[in-house]
Amino acid sequence: MAIDIPRIPLGDWIEAGLDYLTTEYSVVTRGISRFTQTGINAINDALAWMPEWALMALIALLCWRVSGIRLAIGSVLGLALIWNMGLWFPMIESLTLVVFATIVAVVIALPVGIVGALSDRLYGVIMPVLDFMQTMPAFVYLIPAIPFFGIGSVSAIFATVIFSMPPAIRFTTLGIRQVPKELIEAADAFGSTRGQKLFKVQLPLSLPTIMAGINQTIMLALSMVVIAAMIGADGLGSEVWKAIQRLRPGDGFEAGIAVVILAMLLDRLTQAFRKPKKAR
Amino acid sequence: MSETQQTKIQVRGLSKVFGNQPKKALELRDKGKSRGEILEQTGNTLGLSNVSFDVQEGELLVIMGLSGSGKSTLIRCLNRLIEPTEGEIIIDDENIPKLSEKELLHCRRRHFSMVFQNFALFPHRTVQQNAEYGLEIRGVDKQERIRRAGDALKQVGLEGWEGALPNQLSGGMQQRVGLARALANDSTVMLMDEAFSALDPLIRKDMQQELLELQHRMKKTTIFITHDLDEALSIGDRIILLKDGEIVQIGTPEDILTNPADDYVARFTEGVDMSRILTARSAMRPVRATAREDDGPRTVLRKLSENSLDSIYVTTRERKLLGLIEADAADRAAKEGIQSIRELIHNDFPRVGPDEPLHNLFAMFNEKSYPIAVVDEDQRLLGVVVKGAVLAELAEAGEH
């Protein structure tokens, strides 16, 4: 005998909630939207204003300083290929989105991660939320982004920040919790305040781990920025998207290769930052 | 010793229960239950039970016990790295367990600096920055900080290493940094938690000597924790023996050795360490220089003058001890052109096995001014025992 259990209208509730937020907090969302758009435009304009060769030289110099000559040469070759394929501006647009999304994500993640490390109770709250954020299919974030912020880059940033933030939080928490107990004890024994302990001992010692988290965040941001082409984000993702719609695998792969080059460059560069500084 | 000393810290009825039912655990203790029974009934561990003692201004007090005796808990209760469950700890009219968080911070900065077993240096800070840490968090200005940390580093012999990072230093040097970090702070009390236990034996001996010298110079009240009776006896002005969270005996090293309070202390001192302390092996020093049987008189003379000795042991290649040569005999032989030194060797000096009790040795010093040679069953030279104040003390303790 079948019992007629009414279907729980979970989806309806979520939609109602989102509708409510969209209408009631449109001032907030519009504010965020304007701020984000301005930020993106500023970064984008600055990067696009520079001649291609100048930006390449700048990036190569940065690579050489933080890593070495190999990465510098690699960066020049990779960027030259992107330029040659005519994908320079889409690459700049993607890079802009990644940089902006990463900055926002890190600015939110660091304090949250610190709080999670210092308070066991908040740790218990934060971790399940992070699990939720990371396991929810990334596309799902794109849908509510549109009613909030409309089609375009701002929605892409919103989805990207949510998707890419968890590792930065996790690694920050992990890094601080991994600081050896004896060092905390030493800091306490000399009469450090909480703030002194955090800024003089815990954060400096967890920096390599936090940088590993930021590296992960950047990589996730790049992957999401590409997917965000589906809701109208500019950049390499939209080149891929166009190639799919026009059934032109050659163009698709070219854009894909550009994404790979950008990813490798960002990855190697941020990993180089992680290596402990040599003693003076 | 007999001058009137001031009490720096008074510890009264200090107890610590690890677990969630401290009240019940202490009630059970007051009913005379043992540690084991308390653990069984409450699941809580009685770390310290009713510990009372005084620390005198300027003394080096050693708290000694085996692992699990509660000594680490005790030292951490003093500056509340571990919260005591009950009891008073009074330092300069302040009762530490009653202090608010802010007062505690202030108290730690003023009164306590700590040296840790595993050094606990900050790996991202240079030696200089490590030494400055205590001053930095107190807001001492930069010039003053640099000067005082520099002074402390000089005290421990680390001049010239200011810019190095801790992991570039050996264990012994790292602990010197730990010591400098504590000294720079100029706190009134130094807490040393098994400070030398992670060092290898030779460096450890050196550090003990240096601590004694520092202590002699600066007269800083020091509480030193160790599980090693040798260490306790050689550095402590007074020793507190701790067992299962309770004090078994408080006394000078002599008291502990000669009048052990109970079987536990007696077993400790006799069974484990007494024999080691009171034999030739533990008192002997390595021989600075020896001559070979086939050396000429001039070689012998050079070795004597290089090491500023007036007599030297002669050995075979296998370090088997043949005898002793006097400087003036070698000098005469050299002038007369004698090639071999064999005739110059005499055997008119004491020699003993490594397990010879020290008080037997002490009598030998009175006959001759030579040091005592320590040899093994095959007559190989192991070292010498020289007459010295340390030996005299130990021998005295051993006679009772």
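The values are calculated or read from the model by the stated rules, or taken from the named source; none is laboratory data. All values reported here derive from a predicted model rather than from experimental measurement. Note that we place each Cβ from the backbone using ideal geometry, even for glycine, and neighbour counts take in every protein chain shown.
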task: Examine region B:148-170 for a residue that is among the polar types (S, T, N, Q), in a helix (DSSP H, G or I), touching a Pro at 6+ places or on another chain (Cβ under 8 Å) and crowded, with 22+ Cβ neighbours inside 10 Å, and state whether such a residue exists.
output: no
query: When region A:138-196 is examined, which residues are found to be under 21 Å from A:VAL225 (Cβ atoms) and small (Gly, Ala, Ser)?
result: A:ALA138, A:ALA145, A:GLY150, A:GLY152, A:SER153, A:SER155, A:ALA156, A:ALA159, A:SER164, A:ALA168
message: Can you find a residue that is part of a helix (DSSP H, G or I) and under 20 Å from A:GLU239 (Cβ atoms) anywhere in region A:9-17?
response: no
query: So A:VAL225 clears everything in (1) within 14 Å of chain B (Cβ to nearest Cβ); (2) buried (at least 24 other Cβ atoms within 10 Å of the Cβ) except one condition, right? Which one?
result: (1)
query: What is the residue count in region B:306-348 for residues that are under 34 Å from the mean Cα position of the chain (by Cα) and not in a strand (DSSP E or B)?
result: 6
statement: Taking region A:44-75 and keeping only residues that are part of a loop (DSSP other than H, G, I, E, B) and within 21 Å of A:LEU236 (Cα to Cα), one is left with A:MET50, A:PRO51
message: Criterion first (part of a helix (DSSP H, G or I) and either in the same structural domain as B:PRO260 (by TED's automatic domain parsing) or more than 22 Å from the chain's Cα centre (by Cα) (or both)) does B:GLU37 satisfy it?
response: yes
- request: Just need a number here: residues in region B:91-121 that are part of a strand (DSSP E or B), in contact with a Ser or Thr (Cβ under 9 Å, 6 or more places away or on another chain) and more than 9 Å from chain A (Cβ to nearest Cβ).
  value: 1
- prompt: Considering B:LEU211, B:LEU158, which residue is farther than 30 Å from B:GLY65 by Cα and more than 14 Å from chain A (Cβ to nearest Cβ)?
  reply: B:LEU158
- prompt: Hey, any hits in region B:48-61 for a residue that's under 24 Å from B:ILE256 (Cβ atoms), β-branched (Val, Ile, Thr) and touching a helix residue (DSSP H, G or I) at 6+ places or on another chain (Cβ under 7 Å)?
  reply: yes
- request: Starting from region A:37-54, take each residue that is without any contact (Cβ under 8 Å) to a residue 40 or more places away in the chain and list its partners that are of a type outside the set (Gly, Ala, Ser), counting only C-beta distances under 7 angstrom and pairs at least six apart or across chains.
  value: A:GLU52/A:TRP83; A:GLU52/A:TRP88
- request: Examine region B:64-83 for a residue that is assigned by TED's automatic domain parsing to the domain that holds B:LEU199, part of a strand (DSSP E or B), in contact with a strand residue (DSSP E or B) (Cβ under 8 Å, 6 or more places away or on another chain) and within 22 Å of A:GLU182 (Cα to Cα), and state whether such a residue exists.
  value: yes
- request: Would you check if there is a residue in region A:248-271 being under 30 Å from B:LEU121 (Cα atoms) and surrounded by fewer than 20 Cβ atoms within 10 Å (Cβ to Cβ)?
  value: yes
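Here is a yes/no grid of residues against (1) without any contact (Cβ under 8 Å) to a residue 12 or more places away in the chain; (2) aromatic (Phe, Trp, Tyr):
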{"residue": "A:ILE14", "(1), (2)": "yes, no"}
{"residue": "A:TRP64", "(1), (2)": "yes, yes"}
{"residue": "A:SER75", "(1), (2)": "no, no"}
{"residue": "A:ILE82", "(1), (2)": "no, no"}
{"residue": "A:MET85", "(1), (2)": "no, no"}
message: For A:MET230, only one of the following conditions fails: (1) buried (at least 22 other Cβ atoms within 10 Å of the Cβ); (2) at pLDDT below 90. What is its number?
response: (1)
statement: When region B:186-207 is checked residue by residue, the ones that are crowded, with 18+ Cβ neighbours inside 10 Å and under 10 Å from the mean Cα position of the chain (by Cα) are B:GLU194, B:ALA195, B:PHE196, B:ARG204, B:MET207
message: Test of understanding: among B:LEU28, B:LEU46, which residue is closer than 19 Å to B:GLU83 by Cα and surrounded by 15 or more Cβ atoms within 10 Å (Cβ to Cβ)?
response: B:LEU46
- prompt: Restricting to region B:171-192, what's the tally of residues that are outside any loop (DSSP other than H, G, I, E, B) and touching a helix residue (DSSP H, G or I) at 6+ places or on another chain (Cβ under 6 Å)?
  reply: 10
task: Sort out for me the helices (runs of 4 or more DSSP H) sitting completely within region A:119-218 that have 3 or more residues that are within 20 Å of the chain's Cα centre (by Cα) and either crowded, with 19+ Cβ neighbours inside 10 Å or more than 14 Å from chain B (Cβ to nearest Cβ) (or both).
output: A:120-135, A:138-149, A:153-177
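Results for (1) surrounded by 13 or more Cβ atoms within 10 Å (Cβ to Cβ); (2) aliphatic (A, V, I, L, M); (3) over 30 Å from B:LEU233 (Cα atoms), shown as yes or no for each residue.
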{"position": "B:ALA280", "(1), (2), (3)": "yes, yes, no"}
{"position": "B:SER308", "(1), (2), (3)": "no, no, yes"}
{"position": "B:GLY323", "(1), (2), (3)": "yes, no, yes"}
{"position": "B:GLU326", "(1), (2), (3)": "yes, no, yes"}
{"position": "B:ARG332", "(1), (2), (3)": "yes, no, yes"}
{"position": "B:ILE338", "(1), (2), (3)": "yes, yes, yes"}
{"position": "B:ILE345", "(1), (2), (3)": "yes, yes, yes"}
{"position": "B:PRO354", "(1), (2), (3)": "yes, no, no"}
Hits in region B:122-147 - residues which are among the hydrophobic types (A, V, I, L, M, F, W, C) and either in a loop (DSSP other than H, G, I, E, B) or farther than 15 Å from B:VAL177 by Cα (or both): B:PHE122, B:ILE137, B:VAL140
- request: Kindly check whether there is at least one residue in region B:232-241 that is over 30 Å from B:LYS33 (Cα atoms), polar (S, T, N, Q), assigned to a helix (DSSP H, G or I) and touching a Ser or Thr at 6+ places or on another chain (Cβ under 7 Å).
  value: no
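Rundown of residues vs (1) of a type in the set (Asp, Glu); (2) more than 9 Å from chain A (Cβ to nearest Cβ); (3) out of contact with any Phe, Trp or Tyr (no Cβ under 9 Å at 6 or more places or on another chain), yes/no style:
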{"site": "B:SER67", "(1), (2), (3)": "no, yes, yes"}
{"site": "B:GLU86", "(1), (2), (3)": "yes, yes, yes"}
{"site": "B:PRO123", "(1), (2), (3)": "no, no, yes"}
{"site": "B:GLY134", "(1), (2), (3)": "no, no, no"}
